[in-house]
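Bear in mind that the values in this text are calculations on the coordinates, not laboratory data. Remember, predicted model here, so these are calculated numbers, not experimental data. Please note: Cβ atoms are built from the backbone with ideal geometry, for glycine as well, and neighbour counts cover all protein chains shown.
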Amino acid sequence: MPTLNIVVLNKLAERHLTAIKNIVPLSNIITVEQEDAVNYIADCDILVAWGWMDIRPLLSSAPNLKWIHSLSAGVENMITPELQSAAAILTNSKGIHGIPVSEHVLALMLAFSRGLNYFVRHQIDKQWKRAHVDEIHGKTIGIVGLGSIGREIAKKAKGLGMDVVAVKRQPTTELFVDKLFAPEALDEMLSVSDFVVAALPLLPDTKEYFKLEQFAAMKKSAYFINIARGGIVREADLITALKDGLIKGAGLDVFEHEPLSEDSPLWDMPNVILTPHLAALSPYYLDRAVKLFAENLGRFAKNDEMQNLIDKIKGY
């Protein structure tokens, strides 16, 4: 097989380059900043980038491009008419985010349960003041979106003694889920959940999936956690639900517009914990991402069926 020219829009450590070479020795790997990639794209067979990058300027200069791989799971920024009409296939890094994201969800649930959102404020103000504390043991977690991340969240929640329910389009047998609900029964699932975790991809039919109607269906004692995409929530409705006491609190890692505007009321709400879109981050992220890419590269070189192949029209 001829040498594969691979352009990666991210720095790679020597161990990452070795991992790729071990799978396909006949590969020429160039790591470059996005703005300089145009100098190398003409002979590129494979482009590796992040899903949030705008790669349209490169597509018209890449006549040999056969495969685009996203180092992230989300590819919504990549899917443009230019990409849809290109011959290159598209894959993503779905399946490597479960460990850090599920730990982030657990951290938020435990923080709310033990009142840490209040105690941090008390510490800053040097106040020796108690707040209500609870347990997550025996509570019900409702997971909306049961992909690889949702399943990892379910596994950890079940290990902590929680009841696990979930919404999933297709009924399946799930080892760590006590009850599955169809999407049409979303409000029923919301009504029994103490913690609701959004783990949906952002697609045309999931945009603003959570509106005031859904927050009103939740328990007033429930918490809403979003580690998916900000666009699946109508943010103004969430703010209303928090202000009016329709739900008890929210743990938010993603937002409708990022970074979150300084004048957003979410910043000052004591029943809200905000993190800057980092639930999936980990010191081991790139190791996992490169391992997945390298395995898929081996399939590509042998013309075998690819993992995580994205339908460029549907977006997933």
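Packing here is the average count of other Cβ atoms within 10 Å per residue, and on that basis the peptides 105-111, 308-314, 90-96, highest first, run 90-96, 105-111, 308-314. Pick out which of ALA73, ALA182, ALA154 has the largest mean-square fluctuation in a Gaussian network model of the chain, springs linking Cα atoms closer than 10 Å. Taking springs between Cα atoms under 10 Å, the residue moving most is ALA182.
Relative to the dominant Cα principal axis of the chain, helix 285-301 is inclined by about 40°.
Once C-alpha pairs closer than 8 Å and six or more residues apart are averaged by separation and normalised to the residue number of the chain, the relative contact order reads 16 percent. Among VAL196, LEU186, LEU175, whose Cα projects farthest towards the positive end of the dipole of region 110-235, with charges put on the beta-carbon of Lys, Arg (+1) and Asp, Glu (-1)? Of the listed residues, the answer is VAL196. For region 113-194, the tally of Lys pairs with Cα-Cα distances below 17 Å comes to 9, considering only residues 8 or more apart or on different chains.
From most to least packed by mean Cβ count within 10 Å, the peptides 167-176, 275-284 give 275-284, 167-176. For a modelled paramagnetic label at LYS129, 7 Å from Cα along Cα-to-Cβ, the residues of region 258-280 in reach, with backbone nitrogen under 20 Å, are 266-274. Considering helices alone, the calculated mean residue ellipticity of the chain at 222 nm is -8500 deg cm²/dmol, with DSSP H runs of length four and up weighted by -39500 (n - 2.57) and normalised per residue. Partners of LYS243 within straight-line reach, counting lysines whose Cα lies under 17 Å from its Cα and excluding those fewer than 8 residues away in the same chain: LYS211, LYS219, LYS220. Working note: Cα atoms of region 98-274, range along each principal axis, descending, whole Å: 51, 34, 28. Protection proxy ranking, highest mean first, for peptides 79-85, 184-190, 289-295: 289-295, 184-190, 79-85, where packing is the per-residue count of other beta-carbon atoms within 10 Å, averaged.
Taking the longest Cα principal axis of the chain as reference, the axis of helix 14-23 is set at about 60 degrees.
The angle separating the long axis of helix 148-159 from the principal Cα axis of greatest extent in the chain is about 40 degrees. Computing FRET efficiency as 1/(1 + (r/R0)^6) for ARG121 and LYS158, where r is the C-beta to C-beta distance and R0 is 30 Å, gives about 0.40.
Straight-line cross-link reach from LYS302 at under 19 Å between alpha-carbon atoms covers these lysines, not counting any fewer than eight positions away in the same chain: LYS21, LYS66, LYS291. Equivalent-ellipsoid semi-axes for the chain (Cα gyration tensor, √(5λ), whole Å, largest first): 39, 20, 19.
Each 5 Å bin, from zero up to the one with the longest distance, holds this percent of the alpha carbon pairs of region 210-299: 3, 13, 21, 20, 13, 9, 7, 7, 5, 3, 0. The alpha-carbon of LYS207 sits under 19 angstrom from the alpha-carbons of these aspartates and glutamates, leaving out residues fewer than 8 places away in its chain: GLU76, GLU184, ASP187, GLU235, ASP237, ASP253, GLU256, GLU258, ASP311.
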